[in-house]
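S.K.: Please see the structure below; I have some questions.
The values are calculated or read from the model by the stated rules, or taken from the named source; none is laboratory data. On a predicted model such as this, the values are computed, not experimentally measured, just so you know. Ideal geometry is used to build each Cβ from the backbone, glycine not excepted, and the neighbour counts take in all protein chains shown.
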Amino acid sequence: MITDFGLDYSAEPPVPADGISTVQRRSAALEELIHRDPGRFRVLTGDRPTGRLHLGHYFGTLHNRVRLQDLGVEMLVIIADYQVLTDRDVADHLTEHVEDLVLDYLAVGVDPERATIFTHSAIPALNQLLLPFLSLITVAELSRNPTVKEEIAQSQQSSVSGLMFTYPAHQAADILFCKANLVPVGQDQLPHLEVTRTIARRFNNRYGNGVAVFPEPDALLSAAPLLLGTDGTKMSKSRGNAITLAASADETAKLIRGAKTDAHRHITYEPATRPEVSSLVLLASLCLGSDPHQVAEDIGGRGASALKETVTEAVNTFLAPIRDRRALYAQDRGHIRKVLRDGNEHATAIAQTTLDEVRATMNALY
Ligand code: TRP
């Protein structure tokens, strides 16, 4: 059984002495299994609809989804519209953000014939799982979640809503409603996956009577490259320092022209000591499919302006077909709506089957 390794990520030191974490080791083993037998995996992944996706998303997760899809892994992609309700600005533009996400997915090659794209709010049976799930996790466990703590600190809200506090349990419902056994995530989502595994395990123990109703899904940790925004801080839509997939070639050139570099003319790739320059080099190398050291060497003494030209050219060439596809799909709103309608219909059928099974297991079928 692929899910039977009994790993408790929260109990592991993040990085052991040899520098490779247990999750990374496990992810490497899973990659081998995926290549050998993609049919045994069901992937659930998704995003919050907070705006257009950028290159950090692309190289962090989007390209990995398309890769898994193309390997033949079954995939569901959730647009987590209930997860963003605490953010007023976002909630006021929900439809627009949801449609932007669909467009970004289609543009990068997520294929609705093979992948199910759906929204939280349209799947009542998924949301109903939250109630029994909340009974299986303690307030203390929810309070310990480092990612939620961080988000609460960042949001600078004077009080924390119940939704914010409990969303990792809701995310467990996102993952378990379809019995996904594989969740491609970045490091920040690992605590949530641990909540999901805990809830699955406890549900099975408490109600399953020896039958595992839910799998304990594995994280597939992708080696996301650390791309900084053009101002040298974390790339993020709200900081105006991110190159979105949808941006025009001119907007992209302008952002890169204004990017932060440093005082040394000779271009090198040294992420630890020259983060801004190295991030630009890395971005070019990802778009060119080449080694960052080589990219840096090719520019050498020609300095920051040559580096920026290289990056602009590489990014715009790389994104051109994605942008063309996006523009094409954007003209057909009917198609976007249909992708969502079909996805929601499929997800609803899966969720209903799971909820029926959950209620039967709990002796709550009346
Ligand atoms: N919390 C995730 C994020 O902020 C989005 C998300 C919601 C998600 N539900 C999920 C990711 C289920 C993976 C699985 O990006």
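S.K.: Let me spell it out: the conditions are (1) surrounded by fewer than 20 Cβ atoms within 10 Å (Cβ to Cβ); (2) part of a loop (DSSP other than H, G, I, E, B); (3) within 14 Å of the ligand (Cβ to nearest atom), and A223 meets all of them except one. Which number is the exception?
M.R.: Single failed check for A223: (3).
S.K.: Within the stretch 138-156, count every residue that is closer than 23 Å to D218 by Cα and away from the ligand (no atom under 16 Å from the Cβ).
M.R.: Residues that pass the stated criteria total 4.
S.K.: While we're on this one: (1) assigned to a loop (DSSP other than H, G, I, E, B); (2) more than 16 Å from the ligand (Cβ to nearest atom); (3) touching a residue at least 24 places away in the same chain (Cβ under 8 Å): which one isn't true of A212, the others all being true?
M.R.: Every condition holds for A212 apart from (3).
S.K.: Could you figure out which of (1) small (G, A, S); (2) in contact (Cβ under 8 Å) with a residue 60 or more places away in the chain; (3) at positive phi isn't true of A246?
M.R.: (3)
S.K.: Filter the stretch 260-281 for residues that are in contact (Cβ under 8 Å) with a residue 24 or more places away in the chain and either of a type in the set (K, R) or touching a strand residue (DSSP E or B) at 6+ places or on another chain (Cβ under 9 Å) (or both) and give the result.
M.R.: K260, R265, P275, E276, S279, L280, listed by residue number.
Every residue, every condition in (1) small (G, A, S); (2) at negative phi; (3) within 8 Å of the ligand (Cβ to nearest atom); (4) in contact with a His (Cβ under 6 Å, 6 or more places away or on another chain), yes or no:
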site: S158; (1), (2), (3), (4): yes, yes, no, no
site: L163; (1), (2), (3), (4): no, yes, no, no
site: L182; (1), (2), (3), (4): no, yes, no, no
site: V185; (1), (2), (3), (4): no, yes, yes, no
site: Q189; (1), (2), (3), (4): no, yes, yes, no
site: V195; (1), (2), (3), (4): no, yes, no, no
site: I199; (1), (2), (3), (4): no, yes, no, no
site: R202; (1), (2), (3), (4): no, yes, no, no
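S.K.: Let me ask another. Quick check on the stretch 264-284. Is at least one of its residues part of a helix (DSSP H, G or I) and under 30 Å from R114 (Cβ atoms)?
M.R.: yes
S.K.: Related question: Applying the selection to the stretch 40-61, what residues are more than 9 Å from the ligand (Cβ to nearest atom) and assigned to a loop (DSSP other than H, G, I, E, B)?
M.R.: Across the stretch 40-61, the qualifying residues are F41, P49, G51, R52, L53.
S.K.: Another question, then. Only residues that are away from the ligand (no atom under 13 Å from the Cβ), in a helix (DSSP H, G or I), of a type in the set (G, A, S) and surrounded by fewer than 21 Cβ atoms within 10 Å (Cβ to Cβ): list them for the stretch 78-129, please.
M.R.: Answer for the stretch 78-129, where residues must be away from the ligand (no atom under 13 Å from the Cβ), in a helix (DSSP H, G or I), of a type in the set (G, A, S) and surrounded by fewer than 21 Cβ atoms within 10 Å (Cβ to Cβ): A91, A122, A125.
S.K.: Continuing with this model, one more query. Select from the stretch 333-365 the residues that are in contact with a Lys or Arg (Cβ under 9 Å, 6 or more places away or on another chain) and without any contact (Cβ under 8 Å) to a residue 40 or more places away in the chain and list them in ascending order.
M.R.: Scanning the stretch 333-365 gives a single hit, L365.
S.K.: Please go through the stretch 184-209 and pick out each residue that is touching a strand residue (DSSP E or B) at 6+ places or on another chain (Cβ under 8 Å) and part of a loop (DSSP other than H, G, I, E, B).
M.R.: Listed by number, the list holds a single entry, G186.
S.K.: Count, please, the residues in the stretch 155-183 that happen to be more than 19 Å from V139 (Cα to Cα), modelled with pLDDT under 95 and not in a helix (DSSP H, G or I).
M.R.: Number of matching residues: 3.
S.K.: Here's another thing I want to ask about it. Can you tell me which residue is nearest to V23 (Cα to Cα) among those in the stretch 165-175 that are more than 10 Å from the ligand (Cβ to nearest atom) and buried (at least 17 other Cβ atoms within 10 Å of the Cβ)?
M.R.: Here the residue is A169.
S.K.: Sort through T354, T348, T317 and tell me the only one that's in a helix (DSSP H, G or I) and crowded, with 19+ Cβ neighbours inside 10 Å.
M.R.: Unique residue meeting the criteria: T354.
S.K.: Of the residues G210, G232, which is loosely packed, with under 14 Cβ neighbours inside 10 Å and on the phi > 0 side of the Ramachandran plot?
M.R.: Checking each option against the conditions leaves just G210.
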